[in-house]
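Any read-out appearing in this document is the output of simple, stated calculations on the displayed coordinates, not a laboratory observation. Model, not experiment: these values are computed from the prediction. For neighbour counting, all protein chains shown are included, and Cβ atoms are generated from backbone atoms with ideal geometry for every residue, glycine included.
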Number of protein chains: 2
Amino acid sequence: MKVIELNKVATASNDRDAAVLREELKARDLFLINLMSAAGSGKTTLLSRTIQDLKGQAPIGVMEADIASDVDAAAIEHLGARSIQVHTGGCCHMDAAMTRASLDAFDAGETRIVFLENVGNLICPAEFDTGAHRKVMILSVPEGDDKPLKYPLMFSVCDVVLVNKIDVLPYFDFDLEKCRANVALRNPKAKVIPICAKTGEGMDEWIAWLKEEIRIWKG
Amino acid sequence: MKVIELNKVATASNDRDAAVLREELKARDLFLINLMSAAGSGKTTLLSRTIQDLKGQAPIGVMEADIASDVDAAAIEHLGARSIQVHTGGCCHMDAAMTRASLDAFDAGETRIVFLENVGNLICPAEFDTGAHRKVMILSVPEGDDKPLKYPLMFSVCDVVLVNKIDVLPYFDFDLEKCRANVALRNPKAKVIPICAKTGEGMDEWIAWLKEEIRIWKG
């Protein structure tokens, strides 16, 4: 089989900007999480339930990045969380400069935990460091357990993989153990947590992971 | 709700390259189809079945664009179709220059119909004209019927929307009529064909559409 290799995207200057932003946010005691997944994997549903589960403990802010539309930010605002809708103007990912501009426009207030819901895409968001302190990715059951083989960078850069929509496991050829093995191939350190954001299954483990990471970050 | 608008990607020079390539391919009597969808929507399964359904009538060539891996091209080659694996080197889409380089490396032989299986992504592939004569997109049921609202450009540029995985409709909040209405909002001319590439349901209508478009193109 013939294979042709095309060029690599240059991201060096973005990496420098992201490192600077990450330090600035640490100094402001603002924990930023970059939430990534393909379109339709359940990012907004996860955030909605996370906001509710942490109600009264830790107020969460959300920056919803989208090509267009404000479907997601409207859903988040409905829950009483601080949110801002970011229109990327056709761009398929957020980079450090775009994240900085969004944070400047976002009024964090008392919020000390901010989720950046990245554009629904398994590729470019993985290449562009946003300056976030942790990278969370969602892989939903209908997408298939082979995704870590096909989108290696995304699975290499993330700190945790939430396997969402496990309520429909009986209807798909999705092998949870094969998925764990495929993730481990790319990233032995990544934690894999099976969840169903719709029903709440597995949310306890996700919330515990999040709290522990914030504790470590605070140092 | 606060909204921040970021910059638009520039694609003007690519549009010129694509128009030139499209004319050149027409002169060579080579019909190029740009097949787009999110990751895991069933592009390779659709192509496998399309190759089998057209066996003996029209030999199909396939250029499989991926960030990495050759999972898809290996599956296609197994069916006896001409194929080439294109590694985009981290890039999330194919543009006209990349398509030209791939076609140069691909030995079309007697093949007069070539599918470019674009990178799994609902965003950038929509922005970059590859020089193809038709754009086909797959939306799978688990992704949700609201995708035309969230990825307007993809649904605006495509000629046909194949709604795949209709065998799992009973397990998802996916309204086929709402989906049709959402597609029509973006693109009243796009044909919507519900299919299940795995079971073969709806494939007749898709194959008929393809043959008719080739007939129109030949003029």
| said: Just to confirm my numbers, what's the Cα centroid distance between the stretch B:147-219 and the stretch B:75-129 in Å? | reply: 21
| task | Take the alpha-carbon positions of chain B, form their convex hull, and give its projected area averaged over all directions (one quarter of the hull surface) in nm². | result | 13.0
| Coil-residue trypsin sites (Lys or Arg not before Pro) of the stretch B:112-192, DSSP, other Cβ within 10 Å capped at 15 | B:Lys189
| remark: If labels are modelled 7 Å from Cα along the Cβ direction, B:Gly80 lies from its partners in the other copies at nm distances, smallest first, of 6.6
| task | Taking a label point 7 Å out from Cα toward Cβ, give me the nm distances from A:Trp217 to the same spot in the other copies, shortest first, one decimal. | result | 4.9
| query | Over chain B, what relative contact order in percent results from Cα pairs under 8 Å that are six or more residues apart? | reply | 23
| message | Suppose we look only past 17 Å in the calculated P(r) of the stretch B:52-148. What percent of the Cα-Cα pairs does that tail hold? | response | 54
| field | Across the identical copies, how the B:Glu201 labels are spaced - nm, sorted shortest first, 7 Å along Cα→Cβ | value | 2.3
| said: Spelling out what I want: for every residue of the stretch A:111-123, take phi, set θ = phi - 60°, compute 6.51 cos²θ - 1.76 cosθ + 1.60 (Karplus), and round to whole Hz; glycine and proline get x. | reply: 5, 10, 10, 10, 8, 9, 7, 5, 5, x, 4, 8, 10
| query | Can you name the chain A residue with its Cβ nearest the rotation axis from A to B, and give the distance in Å as a whole number? | reply | A:Pro142, 2
| task | Would you look at the GNM of chain B, springs on alpha carbons closer than 10 Å, and say which of B:His78, B:His133, B:His87 moves the most? | result | B:His78
| request: Pick out the long, greasy-scoring helices in chain B: whole DSSP H runs spanning 30 Å or more along their own axis by Cα, mean Kyte-Doolittle at least 0.0. | output: none
| query | Quick one: of the DSSP bridges fully inside the protein assembly as shown, what percent are antiparallel, nearest 5? | reply | 5
| message | Give the average over all directions of the projected area of the C-alpha convex hull of the protein assembly as shown, one decimal, in nm². | response | 20.0
| task | Let me have the relative contact order for the stretch B:90-219, percent, based on Cα pairs under 8 Å that are six or more residues apart. | result | 21
| field | Residue pairs, from the table A:Lys2/B:Lys218; A:Lys165/B:Lys135; B:Lys26/B:Lys55; A:Lys2/B:Lys43, whose Cα atoms sit over 28 Å apart | value | A:Lys2/B:Lys218; A:Lys165/B:Lys135
| message | If you take every DSSP beta bridge fully contained in the stretch B:14-218, what fraction is antiparallel? Give it as a percent rounded to 5. | response | 5
